[in-house]
Amino acid sequence: MDEQKETLRVGSAVRRRRRHLELTLAVVAERSGLSVPFLSQVENERARPSRRSLQRVADALLTTDVELLAAADPACTVDLMRSDEGEGEGSSPDVRVRNLVRGHHQLHAVEFTGDHDEGREFQHRNDELMYVVEGAVEVEAEGRAYRLGRGDSLHLTGGVRHRWRATVPESQVLVVAVADHIEALDDSRR
């Protein structure tokens, strides 16, 4: 697939930006001179704004049309990653870090093989799931240590500080998380 020709869903970027600024559709409509129904259709991917309309929306959201396009989600729904693709930062002869999702999406998934900097602490905005494919790891979270073996998984809610280390050489861990740029809503807080 040619990523340069890929259709982008700019509505998702518009909605994220509007919500980040805590603006209503009515305020964005007033600032941009566009109608609320049209903006709603844009956000829900039922209408595609012209370049001029996108500039007006960007101005209302205190950003640029280029930034909105850069933050847009690709419209394709299927993207195959082969086992030899996705080598990520942090890979070394002893550690393999591989991104399992290409691009900027709501879902972030990474495969770790080997060990990594066990002193490094993580804290993500949104939920995360760790799944041990092979080997074993130890996760420290909320003042407790959790030992996970092959087939075990650990769910961490957003905001939980944690660190982990492989306890068996060549351990393979799959980490899946809601991307940090997404504002996931917790229904229990309503």
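The values are calculated or read from the model by the stated rules, or taken from the named source; none is laboratory data. On a predicted model such as this, the values are computed, not experimentally measured, just so you know. So basically every Cβ, Gly included, is an ideal-geometry build from the backbone, and we count neighbours across all protein chains shown. Calculation scope for accessible area: heavy atoms of the full protein, side chains included, ligands and nucleic acids excluded. Shrake-Rupley method; radii C 1.70, N 1.55, O 1.52, S 1.80 Å.
Modelled spin labels at Asp59 and Asn44, positioned 7 Å past Cα toward Cβ, are 2.7 nm from each other. Summarised as an ellipsoid, the range 96-162 has semi-axes of 19, 16, 12 Å, derived from the eigenvalues of the Cα gyration tensor scaled by 5 and square-rooted, with the largest first. In this simple spin-label approximation, Leu21 and Ala136 carry label points 7 Å from Cα along the Cα→Cβ vector, and these lie 5.3 nm apart.
Express in nm, to one decimal, how much length is gained between Ser35 and Asp152 on full extension, taking 0.36 nm for each residue of separation and deducting their alpha carbon distance. Extra length from Ser35 to Asp152 when fully extended: 37.1 nm.
Ranked from largest to smallest solvent-accessible area, with a 1.4 Å probe on the protein heavy atoms, Val28, Val133 come out as Val133, Val28.
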